[in-house]
Amino acid sequence: MDSTDPQTEAAARPTAYEIIGGEAMVRQIADRFYDIMASDPAAARIRALHAEDLSAVRQRLFEFLSGWLGGPPLYFQRPDHKCIVSAHRPFAIGAAERDEWMLCMRRALEECGLPQDFRTVLEEAFQRTAEAFRNR
């Protein structure tokens, strides 16, 4: 009889956060994402939805990704945190905006050096999330 506790076994497995390199890599992804958004004309629609200063939203993406990838749940520890879908509701997000967001995220993951197989898994999850933000 196997006496392995499923919770203990799950806790022993590394999280995506750990696999990709923890805080440093998550911050690099968030920063690269916003660098791309700010500089690539192909992301003009989503850039226009943001304030001129991207520092606060950069930090929030880093905090959200940290917890989403299995690291510290920094975003949810914020007193001002919102449901991620609700946080995007005030913005007109359609297929074009979704696709621009995905363009930036795909490039950020690639440029940060994540292995292709891991990028594929993350891109599929990001695609579902980006689709959930659509409100037009």
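The values are calculated or read from the model by the stated rules, or taken from the named source; none is laboratory data. Remember, predicted model here, so these are calculated numbers, not experimental data. Note that we place each Cβ from the backbone using ideal geometry, even for glycine, and neighbour counts take in every protein chain shown.
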Kindly list, by first and then second residue, each pair from a residue in the stretch 20-34 that is under 9 Å from Leu69 (Cβ atoms) to a residue that is of a type in the set (S, T, N, Q) and part of a helix (DSSP H, G or I), limited to pairs with Cβ atoms under 6 Å and residues at least 6 apart or on different chains. Val26/Ser66
Please identify the pairs in which a residue from the stretch 81-95 that is basic (Lys, Arg) has its Cβ atom under 7 Å from the Cβ atom of a residue that is modelled with pLDDT under 95, counting only partners at least 6 apart or on another chain. Arg89/Asn135
Which numbered condition Phe64 misses (of (1) exposed (fewer than 15 other Cβ atoms within 10 Å of the Cβ); (2) without any contact (Cβ under 8 Å) to a residue 24 or more places away in the chain): (1)
Selection within the stretch 96-131 - among the hydrophobic types (A, V, I, L, M, F, W, C) and assigned to a loop (DSSP other than H, G, I, E, B): Cys112, Leu114
Looking at (1) at pLDDT 95 or above; (2) among the small types (Gly, Ala, Ser); (3) in a loop (DSSP other than H, G, I, E, B); (4) surrounded by fewer than 15 Cβ atoms within 10 Å (Cβ to Cβ), find the lone condition where Ala92 falls short. (1)
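For every residue, the table says whether it meets (1) over 21 Å from Val26 (Cα atoms); (2) surrounded by 12 or more Cβ atoms within 10 Å (Cβ to Cβ).
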| residue | (1), (2) |
| --- | --- |
| Ile84 | no, yes |
| Ala87 | no, yes |
| Glu97 | yes, yes |
| Glu100 | no, yes |
| Leu103 | no, yes |
| Asp117 | no, no |
| Glu123 | no, yes |
| Gln127 | no, yes |
| Glu131 | yes, yes |
So, first residue part of a helix (DSSP H, G or I) in the stretch 38-61, second residue among the acidic types (Asp, Glu), Cβ within less than 6 Å, six or more apart or across chains; the pairs are Ala43/Glu100; Arg45/Glu97; Arg45/Glu100; Ile46/Glu97; Ile46/Glu100
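Evaluate the stretch 54-76: report whether one residue or more is among the acidic types (Asp, Glu) and in contact with a helix residue (DSSP H, G or I) (Cβ under 8 Å, 6 or more places away or on another chain).
Yes, the stretch 54-76 contains a residue that is among the acidic types (Asp, Glu) and in contact with a helix residue (DSSP H, G or I) (Cβ under 8 Å, 6 or more places away or on another chain).
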Which is surrounded by 14 or more Cβ atoms within 10 Å (Cβ to Cβ) and among the aliphatic types (A, V, I, L, M), of Ala108, Ala24, Ala44, Ala48? Ala108
